[in-house]
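The values are calculated or read from the model by the stated rules, or taken from the named source; none is laboratory data. What you see is a predicted model, and the numbers here were worked out from it, not measured in a lab. Cβ: placed from backbone, ideal geometry, glycine included. Neighbour counts: every protein chain shown.
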Amino acid sequence: MENYATKTEAIIDLQKRGYDQDFILKSEGILCVQQNELIRPEEFEITGTYRFEGKRRFCDNYIIYAIRSVENDIKGILMTSFRGFENNISIHLWSKLASTLQN
């Protein structure tokens, strides 16, 4: 796994490696913005996790996930703040995302 100094550096490198779609959190899965497709937790794998901790405020802390859809090989990026887990997401989705942070 790569170590990136900044969020921008991570995103640019991931895009160069084919992670060119954008994902956002929804209650039951992640939404691929470009294709308007909801992908459930069992339909994707997390191929990389990158944490960025702000120096001053907790709200500056972010996690970038490199994600690949198992069904159709969509590859993209999910970026969420640490507080993103406070949103109303399913326990199944929360468990999948949080399990990668323990490694």
- Item | Whichever residue in segment 7-27 is surrounded by fewer than 15 Cβ atoms within 10 Å (Cβ to Cβ), in a loop (DSSP other than H, G, I, E, B) and not polar (S, T, N, Q) and, among such residues, is nearest to the chain's Cα centre (by Cα) | ASP20
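Residues checked against (1) in a strand (DSSP E or B); (2) under 24 Å from GLN34 (Cα atoms); (3) within 10 Å of the chain's Cα centre (by Cα); (4) modelled with pLDDT of 80 or more:
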| site | (1), (2), (3), (4) |
| --- | --- |
| ILE63 | yes, yes, yes, yes |
| ALA66 | yes, yes, yes, yes |
| ASN72 | no, yes, no, yes |
| ILE77 | yes, yes, yes, yes |
| THR80 | yes, yes, yes, yes |
| GLY84 | no, yes, no, no |
| ILE89 | no, yes, no, yes |
| LYS96 | no, yes, no, yes |
| SER99 | no, no, no, yes |
- Message: If I filter segment 28-50 for residues that are touching an Asp or Glu at 6+ places or on another chain (Cβ under 6 Å) and modelled with pLDDT of 95 or more, do I get at least one hit?
- Response: yes
- Can THR47 be described as of a type in the set (Val, Ile, Thr) and surrounded by 15 or more Cβ atoms within 10 Å (Cβ to Cβ)? yes
- Among the residues of segment 1-57, which ones are in contact (Cβ under 8 Å) with a residue 60 or more places away in the chain and of a type in the set (S, T, N, Q)? GLN15, SER27
